[in-house]
Amino acid sequence: MQQPLSHRKELAVPRLVRPSFNRREFLLRTSALSASAALPLVMPAWSQSESPVASAGMPQGSVPQLPTRDTLLKFNPDATSREFKGNTVICHLPIQCATRDAMLALHEELLVAPYRHKLGLTAPESYHMTVFPGANDQDRQVTGWPSYVPLDASIETCNRSVGERMAALHLDCELPLRVQVNQKATESYPLACTMRLMPADSRENAKLRSVRDQLATAYGFRTADHDAYEFHMTTSYQLKPFTPEEEAAYRKLLKTHVPRIIAAAPVIELGVPEYCTFPSMNRFDTQFMLRCS
């Protein structure tokens, strides 16, 4: 769950009012923030939904210091996946579709690329578009944790509580959800490797934004980039900077494969949003499909 260059301005997002923290919650939050500050990074923390460049306050075309905090939470230095538990609402890419076939061809080339050791690749069977980022066990913040779940609750308790809300939710949403790969944004995105997605048209944009608003109400929080959220499908997390030669080879690879992915399906149709729990970035277990109409 990596994220084009964001062109968003800071938006005045209505903040949800949480009950006052009890002493235990306050101490837990203070400890979590202290631990976050101890990470060997100068980059500020951001949720899995936010653009790394925009969140760092860096100009367009800049590359964040690597690995980002988000990547450190999800992958080990040797590119193996870390335990990273949580819940989310996503749309899996259909197992049998032309888009997956084209993306798998890119995945297979990344597997044998000379810079492979610098990438934490995600499993093709887990390819998905995040609709709402949800909560995770490693980054408990007021703007990323359900307002009705204590900050010191186990992630299993959080999953159950959120699941109950999701099961009772009836989304006002006409299916399918239709998106397109943004070629320019994907090929220029500073981190490897993610398909940057955009709603297929203005109607689809309104639909997806409405769904996210409904999910934010059910979750009890909004991220800072809620209204300007950029959809994507992450295929890897970049652990180390590329050399100039590696960067050139990677960009050449994108220019070959991204047009093929777009040609495979100019419009990608996604099905019913799924409430999922996950143990890491390589597995998203669908608990149930959300009700839509």
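Derivation of every value follows stated rules applied to the coordinates shown; laboratory data play no part. The model shown is predicted, which means the values in this text are computed figures rather than measured ones. For neighbour counting, all protein chains shown are included, and Cβ atoms are generated from backbone atoms with ideal geometry for every residue, glycine included.
Observations, loosely collected:
- Applying a threshold of 8 Å to beta carbon distances and a minimum spacing of six or more residues, or different chains, the list of pairs starting in the range 67-80 at a residue that is on the phi > 0 side of the Ramachandran plot and ending at one that is part of a strand (DSSP E or B) reads Ala79/Leu119; Ala79/Gly120; Ala79/Leu121.
- Residues (basic (Lys, Arg), part of a helix (DSSP H, G or I) and crowded, with 16+ Cβ neighbours inside 10 Å) located in the range 161-188: Arg165
- Residues in the range 141-191 that are among the aliphatic types (A, V, I, L, M), touching a helix residue (DSSP H, G or I) at 6+ places or on another chain (Cβ under 6 Å) and more than 17 Å from Ala216 (Cβ to Cβ): Leu151, Val181.
- Look at (1) crowded, with 21+ Cβ neighbours inside 10 Å; (2) more than 23 Å from Phe242 (Cβ to Cβ) and you find that Asn205 fails only one, number (1).
- Applying the condition of being in a loop (DSSP other than H, G, I, E, B) and under 19 Å from the mean Cα position of the chain (by Cα) to the range 235-289 and asking which residue is nearest to Gly163 (Cα to Cα) yields Pro273.
- Selection count, the range 220-264, where residues are touching a strand residue (DSSP E or B) at 6+ places or on another chain (Cβ under 7 Å) and either hydroxyl-bearing (Ser, Thr, Tyr) or over 23 Å from Val179 (Cα atoms) (or both): 6
- Criterion: touching a His at 6+ places or on another chain (Cβ under 8 Å) and either closer than 17 Å to His257 by Cα or not small (Gly, Ala, Ser) (or both) - qualifying residue of Cys91, Cys97: Cys91
- Subset of the range 202-229 (residues that are more than 22 Å from Met289 (Cα to Cα), assigned to a helix (DSSP H, G or I) and either of a type outside the set (Ser, Thr, Tyr) or in contact with a Phe, Trp or Tyr (Cβ under 7 Å, 6 or more places away or on another chain) (or both)): Arg203, His226, Asp227, Ala228
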